[in-house]
Amino acid sequence: MNILITGGSGFIGSHLTRHYTNAGHHVWVVDNLITGNKNNLAGISPDLLTFVEQDVSTYDLKDIPHIDIAFNLASPASPVQYKKHPVETMLANAQGSYHLLEFARAGKCDRVVLASTSEVYGDPLEHPQKETYWGNVNPAGVRSCYDEAKRYAEAITITYHMKYQTDVRIARIFNTYGPHMEMDDGRVVSNFITQTLSGKPITIYGDGSQTRSFCYVADMVRGLSALGETEDIAGEIINLGNPNEKTVKELAEIIKQMTNSASEIVFQQIGQDDPKKRKPDISKAKALLQWNPEVPLEDGLVKTIEYFRNKLK
Ligand code: UDP
């Protein structure tokens, strides 16, 4: 197959790229490297990988050949990154999605998979979150550049399906962790691991009672590829994540113990609109994709800690 992955050098994108090149498919990666990292693609044969350094918000994909499945992953995705690049985040999701959908409408691509996010549920009033929940989102706060951009990306993606019968699928991706997270992306897993490994204080925002549910990246890649490859699910929106819910404080204690760290835990001011709880209902993914996350948190953390240990050497 010919696969297109926008944002293919980023955290999840680079694993998805490798998943397809390992299986012998050719992958076109379009990425402007604003938060991506070419090192994540090191060692992939140039026979199977074409890297196009372009910004999806302005690039109309004119050099890309016919594509079987396109994955729309281009966007800063951690709170620290999207708050640093708020306008770029909005345009990557708005104009980037538009360019990809137009590419499909022109007959150049058979399927489009949008990487949306659990952030479309905002600070959710329903728990766990099902795909039918519309969310509780602040349209004009510090997280809006990401939350509302992803909600727009969903809306334009579904609109092309309804208006032009474009074959689209939408993944709502919950917190994901693993190798290739950037050390300074500010996410809770990367922060806690780098802090414990370097003997710095572990920074918990707020009292640490807020929850997240953490999915290992290999499980996420299986979910995304299943979403792209399953027949007869055009127009479906599916949560992908691991329902194993933890408080941030529990996560800090697990990582502290796993790294044998003497780091103290410090409590700092929590950001505006930080969701109090988050856990996916994945019954739809189980039913339609026969997908289930398989990697337990401790196993995934062992691999992630190892990755960061090597980076810090
Ligand atoms: N968090 C924390 N300390 C950190 C980084 C994050 O307590 O050093 C908290 C953050 O406030 C949030 C949760 O961990 O409640 C997850 O944050 P992350 O930035 O990983 O992603 P989010 O799920 O908020 O998009």
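Only the coordinates and a few stated rules stand behind these numbers; no lab work does. Because the structure is predicted, anything quoted here is derived from the model rather than measured. Here the Cβ positions follow ideal geometry from the backbone for every residue, glycine too, while neighbour counts run over all protein chains shown.
With runs of 4+ DSSP H residues as the only contributors, calculate the mean residue ellipticity of the chain at 222 nm using -39,500 (n - 2.57) per run, divided by the residue total and rounded to the nearest 500.
Working: 9 runs with 116 residues, N = 313.
Calculated from helices alone, the mean residue ellipticity at 222 nm is -11500 deg cm²/dmol.
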Phi to ³J(HN,Hα) by Karplus 6.51 cos²θ - 1.76 cosθ + 1.60 over the range 237-244, Hz, x for Gly, Pro: 10, 9, 5, 10, x, 9, x, 6
Cα centroid of the range 33-74 to Cα centroid of the range 143-201, whole Å: 18
Helix 144-164 axis, angle to the chain major axis (alpha carbon atoms, nearest 10°): 30
Long-range amide H partners of Gly122 with built H, under 5 Å: Asn136
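Find the relative contact order for the range 178-313 and round it to a whole percent, using C-alpha pairs within less than 8 Å whose residues are 6+ positions apart. Provide the component values of the computation, followed by the final result.
Values: 187 pairs, mean separation 52.5, N = 136.
That works out to 39 percent.
Considering Cα pairs under 8 angstrom that are at least six residues apart, work out the relative contact order of the range 129-208 and quote it in whole percent.
Details: 26 pairs, mean separation 8.7, N = 80.
Here the relative contact order equals 11 percent.
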Under 5 Å, built H, 5+ apart or other chain: amide partners of Glu236: Ile170
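If r is the Cβ-Cβ distance from Lys200 to Gln290 and R0 is 41 Å, what FRET efficiency results, to the nearest 0.05?
Numbers: r = 42 Å, r/R0 = 1.03.
With a Förster radius of 41 Å, E is 0.45.
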Thr50 long-range amide H proximity, modeled H, under 5 Å: Val27, Trp28, Val29
Equivalent ellipsoid dimensions for the range 1-136 as semi-axes, Å, which come from the Cα gyration tensor, largest first: 26, 17, 16
Under Karplus coefficients 6.51, -1.76 and 1.60, residue-wise ³J(HN,Hα) of the range 274-291 in Hz, glycine/proline x: 5, x, 7, 8, 7, 7, x, 8, 10, 4, 5, 4, 5, 6, 8, 10, 6, 10
Computed over the chain: relative contact order in percent, which uses C-alpha pairs under 8 Å that are six or more apart: 18
DSSP-defined beta bridges in the chain - what % are antiparallel, rounded to 5: 10
GNM flexibility winner over the chain from Thr247, Thr230, Thr89 (Cα, springs under 10 Å): Thr230
Table column - 3J(HN,Hα) (Hz), the range 128-137, Karplus curve with 6.51, -1.76, 1.60, x for Gly and Pro: x, 8, 9, 5, 6, 6, 8, x, 9, 10
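By per-residue mean of other Cβ atoms within 10 Å, what is the highest-first order of 256-265, 3-12, 148-157? Walk me through the numbers on the way to the answer.
Numbers: 256-265: 14.0, 3-12: 27.4, 148-157: 21.2.
Top of the packing list down: 3-12, 148-157, 256-265.
Can you tell me what share of the DSSP beta bridges in the range 154-286 is antiparallel? A percent to the nearest 5 is fine. Show your work: numbers first, answer last.
Working: 3 of 13 bridges.
Here the share of antiparallel DSSP bridges comes out near 25 percent.
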Histogram of C-alpha separations across the chain, 20 Å bin width, %: 34, 59, 6
Tilt relative to the chain, helix 217-229 - C-alpha long axis, 0 to 90 degrees, to 10: 20
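Local charge sum around Ala74 (other residues, Cβ-Cβ under 13 Å, Lys/Arg +1, Asp/Glu -1)?
Values: positive: Lys150; negative: Asp31, Glu53, Asp55, Glu88.
It works out to a net charge of -3.
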With 5 Å bins from 0: P(r) over the range 231-313, alpha-carbon pairs, percent: 3, 10, 15, 17, 16, 16, 11, 7, 4, 1, 0
Spread of Cα-to-Cα distances over 10 Å intervals beginning at zero, given as percent, for the range 78-211: 11, 34, 34, 16, 5, 0
